[in-house]
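Notes follow once the structure below has been shown.
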Amino acid sequence: MQVGLNKNFLTKGKNPEQTSTRVEITDRIMIYLEFFIDSLTLSCGAQVSIFGVMPSIVSGYEYDIFISYRHKDNRSVSGTSQLGFGNQAASGWVTDFIADLEKELESTFKEAISIYFDSSLHDGLLETHDVDKSLEGKLKALIFIPILSQIYCDPRCFAWQNEFCAFNQSAQKESLGRDIKLKSGNVASRILPIVIHQLDREDQNLIESELKSKLRFIDFNFQAPGVNRPLRADDLRQENNNNLFYRDQINKVANAIKEIITAIKNPGRGGDILLDSMNGNNEEPVNKEETTKGGQSPLQNSVAVLPFVSLSHDASQEYFADGITENILMELASLPKLRVISRTSVMRYKKTTKSAPEIATELGVKFILEGSAQAHNNKVRINVQLIDALRDQHIWSKVFVESMDDIFEIQGKVAEVVSKELNASIGNVEKVKEVPTKSREAYDLFLKGRHAFNQWSVEGYRTATDYFQQAITKDPEFKLAYSYLASSYSARMSWNGDLAPKEAQKHIEKYLQEAWKRGPSDNDYLTKAFVELFLKKDFPSSEKLLLQALELGPNNANVIYTYSYLLSMMGRFDEALNMVSKAKVLDPLSVSYFNFQVVAQHLMGIMKQPLKHYRKQ
């Protein structure tokens, strides 16, 4: 038994899309019917499909959305939706995805959106059926969503040949066209892929060959060491290498659909909104190219420094490429008129296969800096390129093959060129800062220490402490080593540390004093503010230190998050939430946003159960 059901119409029959019975029902009856269907499914194992059967909201089209997938995926990949979006039995991941998407669309569109979802257990029509004629009307949809899996991209399968390729070819012949111009001036395809597995390179090549363009998709792939499966509703964000959250991804699909359909309904004007679902920031649309009063694009001064690729075949040497990445990032972050995405967010893209435009869209920036690094004996090779990601164009590139003695000059030169290329109005670019250390051994130990520190674990902090102390032994004037050694002791007295506050405090103050007399950095102000806030409970002194840290490091998201926490403790909740929003722009993929936001909101008393509300996020 199959039942087609939505809040506007009720249909019964073997194929809901073919029935002519349409009866208006009330929301109350709808609830009873959904409960009945759930009970029926559980009691007799009947197959139930909930999907829209009304015509498309655009004249001339049969459906708004056509869902294409391999039925083997729906049978073999379990669904575990626990969000309460759909009320049907979880017969598989695709079934759950569609039920959840339908619920999300209800809160996204004023109109009811129709979805064609073939719930047949057979991967294709019968031999006696005219395939082309049978699908001709159903494929007449505004948006085609293929669920791309490990087995979907197979020229022999029904879904690929008779749905994916057929829609792609027919859409290009329609007056509407396959590609739709959006309000931003960008173009979106009516084919909106959902990826549930990491695709083989040959499969991706097959897709791009058919589309004659690069594959752009919304990611529902859960990645972890040795794991390649669809993202589920009960997956925690921090367990996934891609930092994805199922609820957010469902919302991204709904927003993408709305943007495309709104642009279709308003040709020449695009939509009333811009899709910002990849950015996670509702304050500034990602691809917006409108100019500000000063004549500059809102994104003109924004850049993300992606993790440099290590060209060494030795995994133990990866710390060097990471260190180069962070040093260049820190050079750029010191420029007050430049918005630089934090290390926490950019490191998510280490070894990524995503394109520069995709990454820029997710991070909300215009420019991407990427490169590679390799050190051998006294030589270093650094390859750097700056990309205008919105246009997918290279702006500048250079290969440095220099002595290790020149490593700081190279990093400073890269930051100088990038800042000039991005925006001449930044003004006089700061001269390359003084060389932190003349000892290559000390610098190497320092990079290893910072790499260990960034593992965010007790063992990492201990290892970092050892490396920083060794670096100071090699060069007693190494200011940065003192600074980060104080930070490592500060981290070790935190909630996941291994030192008592009093034990850690004496080390923090000892090494912080050494860094301070050599010229304090934003990191030093942050460390000292941490001591004033959590150990001495001196809120005014902590605030003063944090404001000084922000002057030196306007792009330091950790400083801004800490300041938001302090403001919450001082009862200045509106200011605290404002700081959280500012930090999120610099660190859009970090879970810190949710942590500090819920603190402020809970203390404001506007959330009754904040932990329950945010546990999944």
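The values are calculated or read from the model by the stated rules, or taken from the named source; none is laboratory data. The structure displayed is predicted, hence computed values, not measured ones. Don't worry about glycine lacking a Cβ; one is built from the backbone with ideal geometry, like all the others, and counts go over all protein chains shown. Accessible surface areas use protein heavy atoms only, side chains included; no ligands, DNA or RNA. Shrake-Rupley method; radii C 1.70, N 1.55, O 1.52, S 1.80 Å.
What the Cα atoms of the stretch 135-177 give is an Rg and a Dmax of 10.7, 33 Å. Rounded to the nearest 0.05, what FRET efficiency do residue 405 and residue 315 have when you use their Cβ-Cβ distance and R0 = 35 Å? Once rounded, the FRET efficiency stands at 0.85. Potential lengthening of the chain between residue 394 and residue 376 amounts to 3.7 nm, from the contour at 0.36 nm per residue minus the alpha-carbon distance. For the pair residue 509 and residue 176 in one chain, pulling the backbone fully straight at 0.36 nm per residue adds 113.2 nm over the alpha carbon distance. In this label model, residue 109 and residue 59 are separated by 1.8 nm, measuring between points 7 Å along each Cα→Cβ vector.
Taking Lys and Arg as +1 and Asp and Glu as -1, the other residues whose beta-carbon sits under 12 Å from that of residue 500 total +1.
Counted by Cβ distance under 15 Å from residue 550, the other residues give a net charge of -1, where Lys and Arg count +1 and Asp and Glu count -1. Counting Lys and Arg as +1 and Asp and Glu as -1 over every other residue whose Cβ lies under 9 Å from the Cβ of residue 355, the net charge comes to +1. Counting heavy atoms of the protein chains alone, residue 594 has an accessible area of about 30 Å² for a 1.4 Å probe. Going by accessible surface with a 1.4 Å probe and the largest first, 237, 339, 348 read 348, 339, 237.
Surface composition of the stretch 326-423: carbon plus sulfur atoms hold 43% of the accessible area, using a 1.4 angstrom probe and ignoring ligands, DNA and RNA.
Hey, which of these cross-link pairs are over 26 Å Cα-Cα: 506/537; 181/252; 103/582; 366/584? Flagged as over cut-off: 103/582. The label-point distance for residue 457 and residue 234, in a model that sets each label 7 Å from Cα toward Cβ, rounds to 2.6 nm. For residue 361, the solvent-accessible surface computed with a 1.4 Å probe is close to 30 Å², ligands and nucleic acids excluded. Averaging Cα coordinates gives a centre for the stretch 477-499 and one for the stretch 312-361; these two points are 22 Å apart. Subtracting the Cα-Cα distance of residue 570 and residue 473 from their residue separation scaled by 0.36 nm leaves 30.8 nm.
A probe of 1.4 angstrom, applied to the heavy atoms of all protein chains, finds residue 579 with accessible area near 30 square angstrom.
Sorting 137-150, 436-449 by average packing, meaning the other beta carbons within 10 Å per residue, from highest down gives 137-150, 436-449. Across the stretch 550-592, the relative contact order, built from alpha-carbon pairs under 8 Å that are at least six residues apart, equals 40 percent. As a fraction of the 1.4 Å probe accessible area of the stretch 217-271, surface on carbon and sulfur atoms comes out at 43 percent.
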